[in-house]
Amino acid sequence: MEQKNSLTIDINKSDSSDIQSFCDLNEITDMNGFIMLCLRKGFYIEKYGLLNQGQLPEVIEREFEKQVMIEDSSKIEELQNEIYILKGKLEDQKEVECGKLQETIMELNRQLGDRNRLVKDLTTKVNELESLTKSSYAFYLKSSNLKDRL
């Protein structure tokens, strides 16, 4: 195992309670890490100095453009009218399409009824023909009867 080089620092009670209350107030859970960060920052300030050497930074003036939207109520009303007209056209188109669909459905129902009647008529004819073949027997001439022995 590698031995850690650690430095022990004695902090008085008021500084310790001040650091503890600061950490509690700012919800800092790693107090040791926070103290190491403060030590590092202080050391870098001592080593490299403050960047601006205690002077106030220069005021930098910048120009910027701000876009202002001007509301033109006549344009808004024109667009609202156009929306209203388009909604009306859409409703008309829906009514026309619904009418076409209803006509198609009615035509298909009529064709289905015609086919059902035709099937019913054909079924009746088939039943009539079957009843005819069951009730009548064929008579053969004497010479054409296969059961007769000559």
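Values quoted throughout were computed directly from the atomic coordinates according to the rules given, and no laboratory measurement underlies them. It should be emphasised that the depicted structure is a prediction, and the values quoted were computed from it without experimental measurement.
For Gln93 and Glu130, compute 0.36 nm times the residue count separating them, minus their Cα-Cα distance, and round to one decimal in nm.
Values: separation 37, 0.36 × 37 = 13.32 nm, distance 5.54 nm.
So the chain would gain 7.8 nm between Gln93 and Glu130.
Using the scaling law 2.2 N^0.38 Å as the reference, what is the normalised Cα Rg of region 76-135?
Values: Rg = 26.1 Å, N = 60, 2.2 N^0.38 = 10.4 Å.
Ratio of Rg to 2.2 N^0.38 Å for region 76-135: 2.50.
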